[in-house]
Amino acid sequence: MASTTHPVSTAERPVILVGMPRSGSTILSRLLNESPELFIVNDFYLLQRAEGLGVLKSDLDASEAKCFAANVIRRIKCRIEREDSTDIEDALCITPSQEAELEEYALSVATEESRSWHEILSSIMHKAGEMMGKPHWGYNTPQDYLHIDTLFDVYPDARIVFLLRDPRGMLKSYKNVVNNGYHAINRYHPVIQTLAWRTAARVYFQAKQKGQSVLLVRYEDVIEKTNSTLQSIAEFCDIDIPELDLADFGNNSSYSMGPSKKKSLCESEKWLCEAMARTEMLKLDYELSNSQFKLKDTGYLLSISFKVLQFYVSKAFSSRDVRKRIQNIFLRSFIKPA
């Protein structure tokens, strides 16, 4: 028999991790899950689903509610710790009987009348958190910085953590990914990813100006000053996070599984990055290399430009979610630097 639906508080305080891909959000999510108070799901991407359904601003009908609830459950189940789990990515300790109970509960939530996506999400996440003995919930979706105003509209007391990395390190990570069904090498281009990074940084600065509850965390500080950075997050989110040794959590560098010889950024890639994001990089204390454009890099840049154009055109034609994401990044890119 399904449990009674969890009442949704008007003072929900989820912890939401946003920023840019290739910037350490998976390892930070794993570290945050060590908190005895916080249940957080990595790679959630639920707002994209709500946007795809066209229900970000309205209630869901019966079929939409079932579809959305099923997506919440699927995302949680992907991160349950099992015998063949990845140590870093799959850290949710939910038993098979609890998993079945959670699925039944989600169905009961979805069958209620006049339910919004955020009410369904809150109810299911609270229930899952209760199963793990954790009173607070959250998730990691880097691109949800594109929906920051929506998040604060539905969760005014949310705590949003912006995780950003030196954009040149992010570009190198993108450049070295391997095709594996999830990552695609042809999506890399220094202009596209730098534009997205600059947009994320500007959204953060704008949110700070508005007085919204946002905290900047640099990837480099997570790696080099792990526990002091975690304590800053703990104070910001009003939760407890124990002292941790980063070495205990292994290596999640997805490009570490590629060729032994790593690709570096050429001078022109660095130049493009610094030319586009100079103001934001300096504000975030990233030193400039003052690289110069090199004529010899022209052929390479033209080649990857052709490949990335093919990639995004094909994706935009086949996926409404991708079209919306491209549109959101483009519109957000016009935010003026703070």
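The values are calculated or read from the model by the stated rules, or taken from the named source; none is laboratory data. Owing to the predicted nature of the structure, the values given are computational and were not obtained by experimental measurement. Neighbour counts run over all protein chains shown; Cβ positions are idealised from the backbone, glycine included. When the accessible area is computed, the model is the full protein with side chains, heavy atoms only, and any ligands, DNA or RNA have been set aside. Shrake-Rupley method; radii C 1.70, N 1.55, O 1.52, S 1.80 Å.
Observations, loosely collected:
- Members of segment 21-61 that are under 22 Å from E101 (Cβ atoms) and of a type in the set (A, V, I, L, M): L38, I40, V41, L46
- Test: residue in segment 245-263 that is at pLDDT below 95, farther than 22 Å from P14 by Cα, open to solvent by less than 50 Å² (accessible area, probe 1.4 Å) and among the hydrophobic types (A, V, I, L, M, F, W, C): yes
- Of the helices (runs of 4 or more DSSP H) lying entirely inside segment 69-162, those containing at least 2 residues that are crowded, with 22+ Cβ neighbours inside 10 Å span 96-110, 117-131.
- So G181, is it of a type in the set (G, A, S), part of a loop (DSSP other than H, G, I, E, B) and at pLDDT below 95: yes
Matching residues to (1) surrounded by 22 or more Cβ atoms within 10 Å (Cβ to Cβ); (2) modelled with pLDDT of 85 or more:
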residue: G24; (1), (2): yes, yes
residue: L32; (1), (2): yes, yes
residue: L38; (1), (2): yes, yes
residue: V41; (1), (2): yes, yes
residue: L46; (1), (2): no, yes
residue: A50; (1), (2): yes, no
residue: L56; (1), (2): no, no
residue: A65; (1), (2): yes, yes
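- Condition check for Q292: out of contact with any Leu (no Cβ under 9 Å at 6 or more places or on another chain), of a type outside the set (D, E, K, R) and outside any helix (DSSP H, G or I): yes
- Of all residues in segment 304-337, those that are open to solvent by 50 Å² or more (accessible area, probe 1.4 Å) and at pLDDT 70 or above total 9.
- Unmet requirement for L38, which otherwise passes all of (1) under 27 Å from E224 (Cα atoms); (2) over 17 Å from the mean Cα position of the chain (by Cα): (2)
- Flag if V178 is of a type in the set (A, V, I, L, M, F, W, C) and open to solvent by 20 Å² or more (accessible area, probe 1.4 Å): yes
- D285 vs. criteria over 20 Å from H189 (Cβ atoms) and either modelled with pLDDT of 95 or more or not in a loop (DSSP other than H, G, I, E, B) (or both): yes
- Candidates V217, V203: the one that is in a helix (DSSP H, G or I), open to solvent by less than 50 Å² (accessible area, probe 1.4 Å), β-branched (V, I, T) and within 18 Å of V15 (Cβ to Cβ) is V203.
- Those residues of segment 220-236 which are surrounded by 15 or more Cβ atoms within 10 Å (Cβ to Cβ) and β-branched (V, I, T), in sequence order: V222, T226, T229, I233
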